[in-house]
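Data first, discussion second: the structure below is written as structure tokens.
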Amino acid sequence: EGRNLVVVSPGVPLELPIFREAERRGIPIVSEIELGFAVARAPVVAVTGTNGKSTTVELLGAIGRAAGRRTEVLGNIGTALSELAEEVPEDGLLVVEISSFQLESCTRFHPRVGVLLNVTPDHLDRHGSMERYAGLKSRLFEFQNEGEYRVQPLGDARIDLLLRPMKSRPLWFGFADPTGDGVWLEGNTLRFRFEGRSGALIRRDEAALPGPHNTENMAAAAAAALAVGIPDRAIAKALREFRGLPHRLAAVAELDEVRYVNDSKATNVDALKRALESFTEPVTLIAGGRDKDGDFVSIRSLVMERVRHLVTVGEAALKIERSWPDVPHDRAATLEDAVQIARNRTQPRGVVLLSPGCASYDMFRNFEERGARFEAAVLELKRSLMKARR
């Protein structure tokens, strides 16, 4: 009673009775994102996608700061947009990570630049189908006008179809010259074209971020930065210096010529696929956790090519083992056991990779705790090896 607006926090299902009652009474329902957007003075760059959102928004934050602009990274990654939107001046930059849950209740949001990194199966337990999930991702662009920009991957047929009706101006990113405006990898050089200007940004081997998926993240961030007027020199500086985020292909240690890598943030099959594509060395893979209805069979050929031994853990262990029956495997009771098994199974010049392809909630509070436990187990292994060799 007495309410004239309902603000929805991310992750709260719109099917709850309180929202039905608000609709019955004609009370507007808005997302927290739209509340913040309504009072924002600085241009908003919004990033969505199944994987790579956090890395891309943090990289955009680094790019904005390299250009000397006050830049805040907000949204699904931590601080709400509505908390700081009024504080950032017109010449600043608001970079917002947006999930499908947040887009579910957006009806007016139209950022200066919207970025869609990728769309692969995830959160289907919430959204019901891939079609609905993909449709929610496209909502980021639905209310944009002709003077605003959308950044999208080159050669993705699903995304092309989703975004074709949108009014905003396309900027492309990928591994080939898009012929239109955008950022792409040509040989070993990240190149750009934007509104009559073109040139090279950096050599790919100058950047610290590993893997082809991070090439896409860098190209997408650079394209978005160009669209909000950031000079290419500042973009190049940030691309060279940005070191990435924890739990995303993070190097932990090298023991007996074996690298240990923490990719705990790989909570779905596509993220696991992208991790495996980042290595040429033989991989001992630690995978498993709470299944999100992942199609592990779909990456069987890649697993056969890259993985020499599999160590499974958690609720999805049996499903993963059955999906890749030709890969030698062990099953571990704990993550600490998995690290010990992986150490024994991995030859010099190999990689022990934690890239679960699953959620963490069967054994841990979140992916951060899972990654921290993996790193602690590796460092304990390092201490024990050093002690034994004294």
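Quick one: count up the residues across region 380-390 that are under 16 Å from residue 334 (Cα atoms) and either loosely packed, with under 13 Cβ neighbours inside 10 Å or in contact with a Lys or Arg (Cβ under 7 Å, 6 or more places away or on another chain) (or both).
In the first step, residues of region 380-390 are kept if they are under 16 Å from residue 334 (Cα atoms); the result is 380-381.
Of the ones still in play, those that are also either loosely packed, with under 13 Cβ neighbours inside 10 Å or in contact with a Lys or Arg (Cβ under 7 Å, 6 or more places away or on another chain) (or both) are 381.
Total meeting the criteria: 1.
Under 23 Å from residue 170 (Cβ atoms), of a type outside the set (A, V, I, L, M) and in the same structural domain as residue 119 (by TED's automatic domain parsing) - does that describe any residue in region 237-260?
No, every residue in region 237-260 fails to be under 23 Å from residue 170 (Cβ atoms), of a type outside the set (A, V, I, L, M) and in the same structural domain as residue 119 (by TED's automatic domain parsing).
Take residue 353 and tell me if it is part of a helix (DSSP H, G or I), at pLDDT 95 or above and surrounded by 14 or more Cβ atoms within 10 Å (Cβ to Cβ). If you could, list the steps in order and put the result at the bottom.
Numbers: part of a helix (DSSP H, G or I): no; at pLDDT 95 or above: yes; surrounded by 14 or more Cβ atoms within 10 Å (Cβ to Cβ): yes.
Judged against the criteria, residue 353 is not a match.
Out of region 184-215, which residues are in contact with a strand residue (DSSP E or B) (Cβ under 6 Å, 6 or more places away or on another chain) and either part of a loop (DSSP other than H, G, I, E, B) or under 17 Å from residue 159 (Cα atoms) (or both)?
188
Of the residues in region 190-207, how many are surrounded by 12 or more Cβ atoms within 10 Å (Cβ to Cβ) and in contact with a helix residue (DSSP H, G or I) (Cβ under 7 Å, 6 or more places away or on another chain)?
Final tally of qualifying residues: 8.
In this structure, is residue 232 in the same structural domain as residue 363 (by TED's automatic domain parsing) and either among the β-branched types (Val, Ile, Thr) or buried (at least 17 other Cβ atoms within 10 Å of the Cβ) (or both)? Spell out how you get there, then give the answer.
On the way: in the same structural domain as residue 363 (by TED's automatic domain parsing): no; either among the β-branched types (Val, Ile, Thr) or buried (at least 17 other Cβ atoms within 10 Å of the Cβ) (or both): yes.
The answer is no for residue 232.
Residue 189 - would you say it is more than 21 Å from the chain's Cα centre (by Cα) and either at positive phi or acidic (Asp, Glu) (or both)? If you could, list the steps in order and put the result at the bottom.
Details: more than 21 Å from the chain's Cα centre (by Cα): yes; either at positive phi or acidic (Asp, Glu) (or both): no.
No; evaluated as a whole, the condition is false for this residue.
Against the definition (surrounded by 14 or more Cβ atoms within 10 Å (Cβ to Cβ), more than 15 Å from residue 45 (Cβ to Cβ) and touching a helix residue (DSSP H, G or I) at 6+ places or on another chain (Cβ under 8 Å)), how does residue 154 come out, yes or no? Can you show your working first?
Numbers: surrounded by 14 or more Cβ atoms within 10 Å (Cβ to Cβ): yes; more than 15 Å from residue 45 (Cβ to Cβ): yes; touching a helix residue (DSSP H, G or I) at 6+ places or on another chain (Cβ under 8 Å): no.
Answer is no for this residue.
In region 142-169, which residue that is basic (Lys, Arg) and not in a strand (DSSP E or B) is farthest from residue 186 (Cα to Cα)?
Start the filter on region 142-169 by keeping residues that are basic (Lys, Arg), which leaves 150, 158, 164, 167, 169.
From what is left, the residues that are not in a strand (DSSP E or B) are 158, 164, 167.
Working: 158: 24, 164: 26, 167: 29 Å.
Checking each candidate, the answer is 167.
Out of all the residues in region 236-244, is one or more surrounded by 19 or more Cβ atoms within 10 Å (Cβ to Cβ), among the basic types (Lys, Arg) and part of a loop (DSSP other than H, G, I, E, B)?
no
Considering only residues that are part of a loop (DSSP other than H, G, I, E, B), within 22 Å of residue 245 (Cβ to Cβ) and charged (D, E, K, R), which ones fall in region 356-390?
Within region 356-390, just 365 meets the criteria.
The values are calculated or read from the model by the stated rules, or taken from the named source; none is laboratory data. Source: prediction; values computed, not measured. Virtual Cβ from ideal backbone geometry, glycine too; neighbours counted across all protein chains shown.
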